[in-house]
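The next block holds one structure in the form of structure tokens; read it before the comments.
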Amino acid sequence: MPARPTWRGHIKLALVSIPVEIYPATKAGKSIAFHQVHEPSGQRVKYEKVVPGIGPVDRDEILKGYEVEKGEYVLLDPEEIEKVKLESRKTLELTQFVDLSDIDPIYFDKPYYVVPADDLAEEAFVVVRDALKRTKKVGIGQLAMRGQEYVVSLKPCGKGMVLETLRYADEVHRASSYFREIGDVKPDTDLLDMAETLIAKKTGEFDASEFENRYIDALKALIDEKIRKKGKRIIQDRSDDGPSKGSNVVDLMAALKKSLETGERGAGAKKAAAKPAAKKAPAKKPAPARKRA
């Protein structure tokens, strides 16, 4: 467990107050760190904090400023910001309980593990955890940390609980503005049946460990190749980039048939046997998927 929690405070349910600590549930994945480099000299580009007419300034001389008029700012020092009076800085009050399915997944942002702060808090913690399990509900409240107040959800997770920060409504684009150009077209029944058969064939339990960041691996391979070729420029073939356009029903039917005939199983389907299609298959039905032993 990390030495320092992200947040310490109390979960409040009516008159019950439970001291807890929260820790990040995720960590940064594999990445490639790039620097900006001045090509002619080969030197790294660096940045300085500068003020027009003054030049470079020390970080200690910099405060946060809110522009009230053009060129006029209200200055706030870090201590003033830190001491903003907000109850949710120390208390997460559960003000509402909802079904998990009531929250659109697009609102979920970042997860944290929640644990009781000490042995005395454990009994109350377990009561709230198990009450959420039995009612199949998710607690909703607000919590302030790291200079922001978040809407959060709280749900059971094994022996503990998981808190997830949620996006505010004004942080999510309305889907209708992006989907309005999609017509009200009814799909061909045979195509739909074949697509459902293909989905059933590749259905399985999700296992995150089956997936790797292939882009990072490809970048590492490119860097290794550049080293071997002493920095020579390397442009990989991009002829297959981008989605093909102008596909028609015949192409889609052929593609679905070929997909079913290959007998390949998706990465996520390794732990589940193939399931039959929900609807009647088309006249020329491909061979059914074989169940794995």
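The values are calculated or read from the model by the stated rules, or taken from the named source; none is laboratory data. None of these values were measured; they are calculated from a predicted model. Here Cβ is always computed from backbone atoms with ideal geometry, including for glycine, and neighbour counts include all displayed protein chains.
Points to keep in mind about this one:
- Residue in segment 163-183 that is hydrophobic (A, V, I, L, M, F, W, C) and at pLDDT 95 or above present: yes
- Verdict on M194 being more than 25 Å from the chain's Cα centre (by Cα), at pLDDT below 85 and surrounded by 12 or more Cβ atoms within 10 Å (Cβ to Cβ): no
- Top-ranked residue of segment 141-163 - restricted to ones that are farther than 14 Å from A25 by Cα and in contact with a Phe, Trp or Tyr (Cβ under 7 Å, 6 or more places away or on another chain), ranked as surrounded by the most Cβ atoms within 10 Å (Cβ to Cβ): L143
- Answer from L15, L76, L86 - the residue that is of a type outside the set (D, E, K, R) and loosely packed, with under 11 Cβ neighbours inside 10 Å: L15
- One residue stands out in segment 40-84 among those that are modelled with pLDDT of 90 or more and among the β-branched types (V, I, T): the one that is nearest to A144 (Cα to Cα), namely V74.
- Single residue of segment 204-221 satisfying the filter (touching a residue at least 12 places away in the same chain (Cβ under 8 Å) and among the aromatic types (F, W, Y)) that is nearest to G29 (Cα to Cα): F211
- Leading residue by the ranking (surrounded by the most Cβ atoms within 10 Å (Cβ to Cβ)) among those in segment 198-219 that are in a helix (DSSP H, G or I) and not aliphatic (A, V, I, L, M): K201
- Residue in segment 138-168 that is nearest to E21 (Cα to Cα), counting only those that are within 18 Å of the chain's Cα centre (by Cα) and outside any strand (DSSP E or B): R167
- Test: residue in segment 57-65 that is over 30 Å from Q142 (Cα atoms) and in contact with a strand residue (DSSP E or B) (Cβ under 7 Å, 6 or more places away or on another chain): yes
Quick grid of which residues meet (1) out of contact with any strand residue (DSSP E or B) (no Cβ under 9 Å at 6 or more places or on another chain); (2) in contact (Cβ under 8 Å) with a residue 60 or more places away in the chain; (3) more than 18 Å from Q142 (Cβ to Cβ):
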residue	(1), (2), (3)
R8	no, yes, no
S31	yes, yes, yes
P52	yes, no, yes
V74	no, no, yes
Q96	no, no, no
S101	yes, no, yes
F108	no, no, no
Y112	no, yes, no
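- K186, sole failed condition from (1) among the charged types (D, E, K, R); (2) assigned to a strand (DSSP E or B); (3) modelled with pLDDT under 95: (2)
- Exclusive hit being assigned to a strand (DSSP E or B) and either closer than 19 Å to M161 by Cα or not assigned by TED's automatic domain parsing to the domain that holds Q142 (or both), set L92, L120: L92
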